């Protein structure tokens, strides 16, 4: 089965589409070389298409879920891949190849954004200045660069800040030292401030464009998350940018039915802020094939990203059948699952927010940003700012959508717990849980107190979570190339 995954990746079936349909006939960005490169408005648009296409890389298809949901108490690895087992077991070491794959993919995405930011200002084409398009392109690229650096800094801490495009192989260009975590966050904020100033609320009346590309709403949403996640968090700023999203002229709204977010029939909906535009065929999402049960995937091999008993219990303890049934599907399988069934033929849960595998060519999408996340983040900010009743109002907006009553939280501490749990149930399988646990300072205690019993041995799974594991190790292959990187504490 691992060879199947490798062949799919090599074949390039993760080539997603995240740009205006008018760009489809543009010359590929890889053809823009030499003296005549980046000389027209079409060249600028083609370079931007190439930058958006980075959301079809493996990290954004499912490794983001592995390094958040599977690392946390939400899911365990399933499948048969030792590299993914180590993520689940919290034993990731610098030689894990997924680290280098993600590092290189995200830096490649940053290079594409840098190219747009470097080249577009110098293009002498009046077409770029119609409708402020040049500034919009630069705002989109700044958002993309900020988004990628945000993921890097959360995973690895301080990383090299590369903010100019360069094809040089000189050591001074390829062997840069790591910037501090604070410096990376500062650059992210600079890019997002620029994006907010230059992006429109919407591009047109076409949702397939507005939800595919960076907008002012997307930049404000990301800024809210950045202000909450950085070490010196600023909840006043979080509140400011959450409100900018919630009150946006783009008209973001919670969908009435939670299931509509995931049924495949409501893409580019009012709750979506930005999503990857998988359309099938060569522009497809191959991730669902790895997760969905035999009845939906057509495969008989063991699948990945299996919901934990702790997550299922969290849904049940809240009486949250709506989100549980949308997010998790139980099915009898022909394999042994050490945490759910010690014999074949037992019932095992599957990650179910993707619904259709379609032979490695699904149209199912990931939301990069959506409104419910921002509403719950606003509730968190209000609670941290001692505005308990206002936080209650925001939290109950999300709860009422799935038929849950008003939160019984009576003070700041119980409200914080209620918001944390609500985020867990609302956003499972959306690569948010590990960030939340880190932000709340609970990753170590939650993982070391997690009770998941291996039914084959009768013993609980032991995680040995430590503060050092809050950051991933710098990939060794990258350190071999760049001796100036150093390593995170706790790793050799």
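Summary value for the chain: 19 percent relative contact order, contacts being C-alpha pairs under 8 angstrom separated by 6+ residues.
Once the C-beta distance of residue 484 and residue 193 is scaled by a Förster radius of 45 Å, the resulting FRET efficiency is 0.95 to the nearest 0.05.
Relative to the current alpha-carbon distance between residue 477 and residue 168, full extension at 0.36 nm per residue lengthens the span by 109.3 nm. Going by neighbour counts of Cβ atoms within 10 Å, the residues 85, 67 line up, fewest first, as 85, 67. The protection proxy used here, the mean number of other Cβ atoms lying within 10 Å of each residue, ranks peptides 106-112, 449-455 as follows, highest first: 106-112, 449-455. Dividing the mean sequence gap of close Cα pairs (under 8 Å, 6+ apart) by how many residues the stretch 27-160 holds gives a relative contact order of 29 percent.
Gain on full extension, evaluated as 0.36 nm per residue between residue 464 and residue 268 minus their Cα-Cα distance, stands at 66.4 nm. Out of [x] 40; [y] 53; [z] 44, which label holds the value of percent of Cα pairs over 32 Å apart that was computed here? Recomputing percent of Cα pairs over 32 Å apart here picks out [x]. Against the chain, whose longest principal axis is taken from its Cα atoms, helix 216-229 shows a tilt of about 50°. As a rough footprinting exposure proxy, the listed residues 185, 235 were ranked by other beta carbons within 10 Å of their own, and the order from fewest upward is 235, 185. Stretching residue 279 away from residue 118 to a fully extended chain increases their span by 54.9 nm, per 0.36 nm per residue minus the current alpha-carbon distance.
Less than 13 Å from a label point 7 Å out along the Cα-to-Cβ axis of residue 80: which backbone N atoms in the stretch 317-350 qualify, by residue? Under 13 Å, as judged by backbone N against the label point of residue 80, lie 335-336 of the stretch 317-350.
Across the stretch 116-230, C-alpha contacts under 8 Å between residues 6 or more apart give a mean separation that, scaled by the residue count, equals a relative contact order of 29 percent. Counting neighbouring Cβ atoms within 10 Å and putting the fewest first, the residues 156, 315 line up as 315, 156.
Readers should treat all values here as calculations from the given coordinates under stated rules, not as data from a laboratory. In this text, all values refer to a predicted model and were calculated from it rather than measured experimentally. With ideal geometry, Cβ positions are generated from the backbone for all residues, glycine too; neighbour counts draw on all protein chains shown.
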